[in-house]
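Values quoted throughout were computed directly from the atomic coordinates according to the rules given, and no laboratory measurement underlies them. Quick caveat, the model's predicted, so the values are computed rather than measured. A quick note on method: Cβ atoms are made from the backbone with ideal geometry, for glycine too, and the neighbour counts reach across all protein chains shown.
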């Protein structure tokens, strides 16, 4: 055994640096991220790390370009035949990776599966009543209410093979009551650009190019040449970057901000920056009559618009942008970025940084000496989340609102805010459906038990006018709907239910010979990538 | 002897139960698995359903009793995070951790003992001083820093060794081993050094102290008076007598190496049980965390038992004491 160690060590010495990088295959992308997907089931966990692997293998009916605009996927065309019936014409001659022919049955099956109680993708089919097969390559989707953004939502529903799912006893997403592991947790059978070759959770997942994929002939992919994808997650920040610097990794999805300058200056490496569809803001308990974590007794200062505005005025967003975020943020006065349908520049205006005005507003509201408050914050969820909170605490303390930061890892943090056990907290919100309704509904609608309404509204903001506008967003279409969104944005600006901070920017780090378009949903589309 | 084993096993039971209870109670504070499982979009009804499915709505002691009952049968349920059986997950990860731990322990012994002997014999040589300084670094630098420094040196600057992972593995009857491939050996070097460095310095200092102690005793003087060679005195008489505490400590430290491989595994993305545990903590994956903690407790209890038995075999006084009690 000892002899072996020494032989191995000696061999390592002799072979030297070049050998360690492994045989460099021109078109293999070795890629890493902090976390692996927890499951490969297409309808089980609606999380970015899962979609990251799913979207390489599975296709939706309607898919996205790198700029996130819609394009035909497994459906070649779609029309709103009636207000509550959409017709989808399917692509012919497509086969799943294991050989099954793709037909309308698979579409009906997959939409049913996404509608199942154990599905985590319900929000993307919340308006769907049922899907009906018209013929082998035509499907009608009947809706409960008119839904102008159905195509946007369906871009998140991946299509599975019905016979494959039935044969493997996976007709419903994983049920936690089950004692058995479901086939779909570690196996994939899609129609997409890459097919799964092997899967070792947390260690190595290998994909190979699906030469039969219809999309290779289409826009964006004609130059793409990636033959193999090897995904090896690395949890430790330092090791992830070391892997890139030492040549063991070609692409890092989530490089730590403090390493970016070093990576930019390293020979042969490149940092690609772009905006993310995620906005960071501060929300407040505006429901209770007395805050849980404050020294104000008998009243809730957050219910007073003047206090909310004072806290807003106190924030120097440019300082956060420059120092805390090192330039990697887009300060904003609203709560979703321009890529989202319904955004308008006119309402994206911040209250200016003005500590004097902030102090005056506090005095006017009856708190000339300020008050004490606890700001809750995750410390491993968003980019520099804890540091942002500390900066804000300092700014608020300067106007007399003595702020204590309570930063925790995401697991206890989310558990706590979901019990409404919070007074002021920092949250980030991504918009996968790319429509304003998704944000308004989850964050600002009155919580009433309906699907999606106010489920992330832990400050329990409730405003009947806002609710009315949200109802209009759900049912109306065209200019009327846009008008409702803009009106709601104006209300957001004036009523200050949140203090918006910035849209996140996401840097990707990679080898200079890898060409890949940046995508604002933080999903590298390797079907558009090229390695020289 | 048999009665001794039985009594130790009976003592182990409350230990295991206490560990189970403590770990289980602790989980109330690690976060809400439901929040993590549901993701961003759900209804209140879906949430309640999931809470009921997981049995989280039942009183604490009912949950605990169920857990102990199932654990006693080796049934730990499905991981919340990965939707796979916990026993299977741990069985998949155990080989990586065990290979790493054994390799680290081997390094610690193979290097630590000779260094200890040398520094014990030649207290004032410059090499001894160097070893002692070096051991101070090993004791005082935190593991993750050592790991990162090694990665920086051997992976990033020199490019000799991989910075993460296990290399290629070969599966032999369910045991995935990295010991049969070159890349597996290369991948093992840095993590083993990182993990074993503390134990190495500990063993070195222990052997040194014991050697110095033993070298002062009468029988060493008599051995020298008999005209034995230095070699016979140092290794035949002195080292042999220092090894009893060294074996004890090494046995106990092996448990510690396996349990505390967590940090090393995280730094090197070594796919062992420690990495699994850390990732489970992040997702509040209670079934995996409790199974892991129980397994570690069981391991410590077992190692302690073996060490006790070794004492029993080695030290005649223990046997006599027992014998008297039996009369």
Per its Cα gyration tensor (rounded if a/c is under 1.5, else prolate when a/b beats b/c, else oblate), chain B is best filed as oblate
Estimated distance in nm for a label pair at residue A:227 and residue A:490, the labels positioned 7 Å out from Cα along Cα-to-Cβ = 6.0
Using R₀ = 60 Å, calculate the FRET efficiency as 1/(1 + (r/R₀)^6) where r is the Cβ-Cβ separation of residue B:182 and residue A:364; round to 0.05.
-> 0.20
Exposure-ranked with fewest Cβ neighbours within 10 Å first, A:396, A:429 stand as A:429, A:396
With -39,500 (n - 2.57) per DSSP H segment of 4 or more residues and division by the full residue count of chain A, the 222 nm estimate, nearest 500 deg cm²/dmol, is -8000 deg cm²/dmol
Simple spin-label model, 7 Å along Cα-to-Cβ: residue A:394 to residue A:513 in nm?
-> 4.4
What is the calculated FRET efficiency for residue B:221 to residue B:305, with r their C-beta to C-beta distance and R₀ = 30 Å, to the nearest 0.05?
-> 0.20
Restricting to the protein assembly as shown, compute how many DSSP beta bridges are antiparallel as a %, nearest 5.
-> 80
Would you kindly state how much longer the chain becomes between residue B:134 and residue B:53 on full extension, computed as 0.36 nm times their sequence separation minus their alpha carbon distance, in nm to one decimal?
-> 23.7 nm
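What shape does the range A:338-432 have by the C-alpha gyration tensor, where a ≥ b ≥ c are the square roots of the eigenvalues, rounded means a/c under 1.5, and otherwise prolate means a/b greater than b/c and oblate the rest?
The shape class here is oblate.
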From Cα coordinates alone, what are the radius of gyration and Dmax values for the range A:118-258 in angstrom?
-> 19.3, 56
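Roughly speaking, what % of Cα-Cα pairs in chain A are separated by over 39 Å, rounded to a whole number?
Working: 44664 of 141246 pairs.
Beyond 39 Å sits 32 percent of the P(r) for chain A.
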Could you calculate the contour length gain from residue B:60 to residue B:124, that is, 0.36 nm times the residue separation minus the distance between their Cα atoms, to one decimal place in nm?
-> 17.0 nm
Residues of the range B:275-290 with amide N under 17 Å of a point placed 7 Å along Cα→Cβ from residue A:419 | B:284-286
With Cα springs under 10 Å, the Gaussian network model of chain B assigns the largest mean-square fluctuation among B:311, B:292, B:80 to B:311
Exposure-ranked with fewest Cβ neighbours within 10 Å first, B:76, A:137, B:106 stand as B:106, A:137, B:76
May I ask you to compute the full-extension gain from residue A:116 to residue A:101, defined as 0.36 nm times their residue separation minus their alpha-carbon distance, rounded to one decimal in nm?
-> 3.0 nm
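Scaled to the compact-protein estimate 2.2 N^0.38 Å, what is the alpha-carbon radius of gyration of the range A:276-505, rounded to two decimal places?
Cα-based Rg divided by the globular estimate yields 0.96.
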The range A:81-119 scanned against label point 7 Å out from residue A:132 along Cα→C-beta; backbone N under 15 Å for A:81-88, A:108
Inter-label distance for residue A:167 and residue B:209, nm, one decimal - labels placed 7 Å from Cα along Cα-to-Cβ | 6.6
Within the range A:474-502, the residues whose backbone N lies under 16 Å from a label point placed 7 Å from the Cα of residue A:318 along the Cα-to-Cβ direction are none
Calculate the tail of P(r) for the range B:64-132: the fraction of all Cα-Cα distances greater than 13 Å, expressed in %.
-> 75
